[in-house]
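In what follows, a structure is listed as structure tokens, so that the remarks can point back to it.
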Amino acid sequence: MRPHLSLHCYLQDTPSEQALPCSDVTIHADPATLRAIAHFLLASADTFDQAQERAGMHAHLQDAWPDWQDDFPDLVVVAA
């Protein structure tokens with residue numbers, strides 16, 4: 001399988017029907033939060049790898065991380 005990466009985002013406090021393509025993403029976080037995000041990404045990759053059919057599969061950081069707070073932006077990963 002060829003590597004695939006695309007980044008999309010919704011601008012904070014700006015209503016939008018569709019995510020916008022992003023050229024880069026900056027994560028401003030403490031080391032523990034970066035580790036939690038890394039754990040989420042690795043666990044999501046493992047789940048996607050084990051799936052028979054990946055179409056439509058996705059995961060939300062807010063659902064997977066117990067320390068997530070309402071004022072945090074969500075991170076959504078989608079299986080390619």
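The values are calculated or read from the model by the stated rules, or taken from the named source; none is laboratory data. All figures in this text were calculated on a predicted structure; none of them were measured in a lab. Cβ placement follows ideal geometry from the backbone for every residue including glycine, while neighbour counts extend to all protein chains displayed.
The table below lists the values:
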| quantity | calculated |
| --- | --- |
| Pick from the range 52-80, criterion among the small types (G, A, S) and under 19 Å from L5 (Cβ atoms), ranking: surrounded by the most Cβ atoms within 10 Å (Cβ to Cβ) | A59 |
| Filtered residue count, the range 64-80, keeping only those that are charged (D, E, K, R) and under 11 Å from the mean Cα position of the chain (by Cα) | 1 |
| Test result for L20, within 13 Å of the chain's Cα centre (by Cα), modelled with pLDDT under 95 and among the hydrophobic types (A, V, I, L, M, F, W, C) | no |
| Counted residues, the range 1-41 - those being surrounded by 11 or more Cβ atoms within 10 Å (Cβ to Cβ), of a type in the set (S, T, Y) and assigned to a loop (DSSP other than H, G, I, E, B) | 1 |
| Residue in the range 42-77 that is nearest to A32 (Cα to Cα), counting only those that are polar (S, T, N, Q) and outside any helix (DSSP H, G or I) | Q69 |
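So that you can scan it fast, the table gives a plain yes or no per residue for (1) in contact with a strand residue (DSSP E or B) (Cβ under 7 Å, 6 or more places away or on another chain); (2) of a type in the set (K, R); (3) touching a residue at least 40 places away in the same chain (Cβ under 8 Å):
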{"residue": "Q18", "(1), (2), (3)": "no, no, no"}
{"residue": "D24", "(1), (2), (3)": "no, no, no"}
{"residue": "I27", "(1), (2), (3)": "no, no, no"}
{"residue": "A32", "(1), (2), (3)": "no, no, no"}
{"residue": "I37", "(1), (2), (3)": "no, no, no"}
{"residue": "L41", "(1), (2), (3)": "yes, no, no"}
{"residue": "D46", "(1), (2), (3)": "no, no, no"}
{"residue": "Q50", "(1), (2), (3)": "no, no, no"}
{"residue": "R54", "(1), (2), (3)": "no, yes, no"}
